[in-house]
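Taking it in order: structure first as structure tokens, then the write-up.
The values are calculated or read from the model by the stated rules, or taken from the named source; none is laboratory data. What you see is a predicted model; the values in this text were computed from it and never measured. Neighbour counts are summed over all protein chains in view; Cβ atoms, including those assigned to glycine, are modelled from backbone coordinates with ideal geometry. SASA here: full protein model, heavy atoms, side chains in, ligands and nucleic acids out. Shrake-Rupley method; radii C 1.70, N 1.55, O 1.52, S 1.80 Å.
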Amino acid sequence: MKPIALQHAAIKAEGLVRAGDPGLAISSVHFDTRQLTEGSLFVALTGGARDGHDFLLQAAENGAVAAVISDENKVPQGLPNGFGLILVNDTLRAFQKLAAAYRKESSIPYIAVTGSIGKTTVKDIIAHVLESQMPLYKTYKNLNNHLGVPYSLLQVGEEHQAAVLELGMNHAGEIDLLASLVKPKISVITYIGESHIEFFGSREKIALAKAELLPHTAPDGLVLLNGDSAYLRMIAHLYSGEILYYSVEGPADVWAEKIRSDERGTYFDVCFASGNRFSAFVPLFGKHSVLNALPAAAIGKQLGMTNEQIADALATVKLSAMRFEQVQSAHGALYISDAYNASPASMQAAIETFADLFPARQKVLVLGDMYELGSDSDQMHEQVGAFASARKDRFSLLVTVGEHSRHISDAYEGKKLHFATKEEAVAALLPLRDAHHAFLFKASRGMELWTIISDLERQP
Ligand code: ATP
Ligand code: MG
């Protein structure tokens, strides 16, 4: 963050300086005392299980020189002399306002990525491509919510020439708030799926919730929409500026052709409606990985990169852990860990990708429950089972783990085993962890399916 004076922080947070020198320099803003460094402003959040006001002394010990508070009666004795205090009514809102006002002073391009699936992946690929040309800030891991987005905005410093931020949501109205803080120049909506459908009721309403990003995007900016998602075409009229559709299914504004893969990754041609086209490679698997790379190519072009620069950067993309990550077993097996999260669409994409890879190995699907699917949950698990079943000649075994995944198993017509617990699954998989086998692990994050891999490796 660019340092700011206490008085300016108070103005940005719409609060009052109640203690400390108004000129006191603030070098960073944090709500977690473990992240504080010398010169930090500590935001005492009150909404969670603990009241941030109880940590004011600790914050000062950890380097904070000032705090944003909402209750002066909770200010403890013993704060260091000169410790700054900014009083506000609501510390969370103040944190968000501070971040939004800080962002407003910056003229670099802010790029926002939202969608039901693929946000982190698309964010990481865009950041990787642009990073080859300029220092930039990207959302750390998955910090994409009402705290993570303002946190990220406040991390952007003078050295950064762009920022790529992930915006997440569970409920309507959330993207509206986050996008109002970010005010993106370029926005990407990756996909409209079934995640969180239990809160929304329909995919149209999920699409509308994502569409809240559009009015906050600069009118002279750019919006990239997944052209292969029908629900995204439905909301396009909500943005008055330039919209580009990207697709792996056929010609769009930016699309991919000649997609083919080997054990290293996937090759394709990037094609633009202008006639510009070039060959590219990503060390990733599946058609959806090509789809996820297209916004990066389009944004690279928009920001003046050459075809060669974009292709070179795409060739060295590396994703965050557990996104179709290849893990080599000490016992010879190949584990594909896609255990970070799962929804019906991402399950099918992973199964399809896995079906086409590693023809020399016996392939085992290890699938767990998908959460938050609402009343159609059983049926959606069955659909995944039927999808896998249509490719059953490619797999030697389906192992399902958990409660809901029984419905995946029920719809699968090949060799299969179902277990209530991960421990039972580990015992069944143990004899298979040799060089003849490859495993795909996928389930909702709450299943923590990755522990099966570590348990398999821990056993002698
Ligand atoms: P979260 O809401 O948890 O932050 P996210 O939107 O950031 O999720 P990612 O972490 O990028 O999504 O990807 C989640 C899963 O979906 C991964 O297993 C990934 O491989 C898969 N995936 C990514 N993009 C697609 C796509 N276009 N189609 C299908 N599956 C995809
Ligand atoms: Mg994410």
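Has the range 119-127 got any residue that is closer than 18 Å to Val223 by Cα, more than 9 Å from ligand 1 (Cβ to nearest atom), in contact (Cβ under 8 Å) with a residue 40 or more places away in the chain and in contact with a strand residue (DSSP E or B) (Cβ under 7 Å, 6 or more places away or on another chain)? Taking every residue of the range 119-127 in turn, at least one turns out to be closer than 18 Å to Val223 by Cα, more than 9 Å from ligand 1 (Cβ to nearest atom), in contact (Cβ under 8 Å) with a residue 40 or more places away in the chain and in contact with a strand residue (DSSP E or B) (Cβ under 7 Å, 6 or more places away or on another chain). Determine, yes or no, whether Val113 is touching a Lys or Arg at 6+ places or on another chain (Cβ under 8 Å) and either open to solvent by less than 20 Å² (accessible area, probe 1.4 Å) or farther than 28 Å from Tyr371 by Cα (or both). Judged against the criteria, Val113 is a match. The single residue among Asp376, Asp393 that is modelled with pLDDT under 95, surrounded by fewer than 17 Cβ atoms within 10 Å (Cβ to Cβ) and outside any loop (DSSP other than H, G, I, E, B) turns out to be Asp376.
For the range 1-19, a residue qualifies if it is more than 15 Å from Val88 (Cα to Cα) and open to solvent by 30 Å² or more (accessible area, probe 1.4 Å), and the qualifying residues are Met1, Lys2, Pro3. Could you tell me whether Val426 is touching a strand residue (DSSP E or B) at 6+ places or on another chain (Cβ under 6 Å) and either part of a loop (DSSP other than H, G, I, E, B) or over 23 Å from Ser116 (Cβ atoms) (or both)? For Val426, the condition - touching a strand residue (DSSP E or B) at 6+ places or on another chain (Cβ under 6 Å) and either part of a loop (DSSP other than H, G, I, E, B) or over 23 Å from Ser116 (Cβ atoms) (or both) - is not met.
Restricted to the range 144-153, and to residues there that are open to solvent by less than 30 Å² (accessible area, probe 1.4 Å) and under 14 Å from the mean Cα position of the chain (by Cα), the residue that is nearest to Ser28 (Cα to Cα) is Ser152.
Is it true that some residue in the range 67-87 is polar (S, T, N, Q), open to solvent by 20 Å² or more (accessible area, probe 1.4 Å) and within 30 Å of the chain's Cα centre (by Cα)? So that I can check it myself, show each step before the final result.
Just the residues of the range 67-87 that are polar (S, T, N, Q), to begin with: 70, 73, 77, 81.
Among the residues that remain, those that are also open to solvent by 20 Å² or more (accessible area, probe 1.4 Å) are: 70, 73, 77, 81.
In the following step, the residues that additionally are within 30 Å of the chain's Cα centre (by Cα) were identified as none.
So far as the range 67-87 goes, no, none of its residues is polar (S, T, N, Q), open to solvent by 20 Å² or more (accessible area, probe 1.4 Å) and within 30 Å of the chain's Cα centre (by Cα).
The single condition from (1) at pLDDT 90 or above; (2) surrounded by fewer than 22 Cβ atoms within 10 Å (Cβ to Cβ); (3) charged (D, E, K, R); (4) assigned to a helix (DSSP H, G or I) that Lys210 fails is (2). Whenever a residue of the range 425-444 is among the hydroxyl-bearing types (Ser, Thr, Tyr), its partners that are open to solvent by less than 30 Å² (accessible area, probe 1.4 Å) and within 16 Å of ligand 1 (Cβ to nearest atom), lying with C-beta atoms within less than 9 angstrom and at least six residues away or across chains, give the pairs Ser444/Ala342; Ser444/Ser343; Ser444/Gly368; Ser444/Asp369; Ser444/Met370. Condition check for Leu92 on (1) open to solvent by 50 Å² or more (accessible area, probe 1.4 Å); (2) of a type in the set (A, V, I, L, M); (3) within 16 Å of ligand 1 (Cβ to nearest atom): one failure, at (3).
For the range 251-285, a residue qualifies if it is crowded, with 21+ Cβ neighbours inside 10 Å and modelled with pLDDT under 95, and the qualifying residues are Thr266, Leu284, Phe285.
Which one is nearest to ligand 2 (Cβ to nearest atom) among residues in the range 128-143 that are open to solvent by less than 20 Å² (accessible area, probe 1.4 Å) and either within 23 Å of Ala342 (Cα to Cα) or assigned to a loop (DSSP other than H, G, I, E, B) (or both)?
If we filter the range 128-143 for residues that are open to solvent by less than 20 Å² (accessible area, probe 1.4 Å), which is where we start, we get 129-130, 136, 139.
Still in the running and either within 23 Å of Ala342 (Cα to Cα) or assigned to a loop (DSSP other than H, G, I, E, B) (or both): 136, 139.
Details: Leu136: 18, Thr139: 8 Å.
Ranking the qualifying residues of the range 128-143, first place goes to Thr139.
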